[in-house]
Amino acid sequence: MRSRPARALAWLASLCVGVAGASCGSGDEPVSPERPRESIDRRPKLPRGWKPYVDRRIGLAIGRAPGWRARRRGRSVLLRSPDHLVAVSVSADRSLEAVEFPLDDFVVQAAEGLPGYRRLDVGRARPFEAKYQARAVGSRGTEGGVRQRMLFIALRRPGIVTYPVLIASNARRDSAYYKAEALRMVRTLRGRPPGAGG
């Protein structure tokens, strides 16, 4: 039985509506004089065999491990493991609310607001090691009879953008290798202004 990343990852499309009443920023909002100007953050050196995935419309770059597929899905990037048991979804929110809302509250409220899940068990926010400020919270829930594990991560370039990330995996079929790869991919995430070349 495969995980159901499509339903779990639909969370990202509505995440900002539930968190601080924000709406996901497309990058079209004017930058106020007080806010820092967004720049292209240099990509890290990727492990051998990995390839960069750059989404100029959303404004992000992330390393893609061998065998993982990546595509844009609405306002987020969806990456799926070769066994289809692990999926990673990444979005970008440049709204003022998203960059000012406390990260601990951001990830917890996002996890608690996941639609369509029963018996949702949400943990506590904890630090997540990454280039940017980051917090993560683990969660478990059942959707369509499938028990899933989820890890919600929020990475922030202060004053510029918050990147909500969801890693979803099937709780009944172990895919520890791909879950570890998913975490490594999230740590390669780098920001860039929407529409920027290079």
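Quick note: the coordinates plus some simple rules give every number you see, no bench work behind them. As the structure is a prediction and not an experimental result, all values here were calculated from the model. With ideal geometry, Cβ positions are generated from the backbone for all residues, glycine too; neighbour counts draw on all protein chains shown.
A few points about this structure:
- Fewest neighbouring Cβ atoms within 10 Å first, the residues Phe101, Phe106, Phe152 line up as Phe101, Phe106, Phe152.
- Proportion of all alpha-carbon pairs of the range 71-119 beyond 16 Å (%): 60 percent
- Cα-only radius of gyration and Dmax that characterise the range 31-117, units Å: 15.5, 46
- In this structure, the amide hydrogen of Gln133, modeled 1.01 Å from its nitrogen in the peptide plane, lies closer than 5 angstrom to those of Arg156, counting only residues at least 5 positions away or on a different chain.
- When peptides 63-72, 163-172 are sorted by average Cβ neighbour count within 10 Å, with the highest value leading, the order is 163-172, 63-72.
- The percentage of C-alpha pairs in the range 77-198 whose separation is greater than 24 Å is 26%.
- Karplus-based coupling profile of the range 120-128, in residue order and whole Hz: 6, 10, 10, x, 9, 5, 9, x, 10, with θ = phi - 60° in 6.51 cos²θ - 1.76 cosθ + 1.60 and x standing for Gly or Pro.
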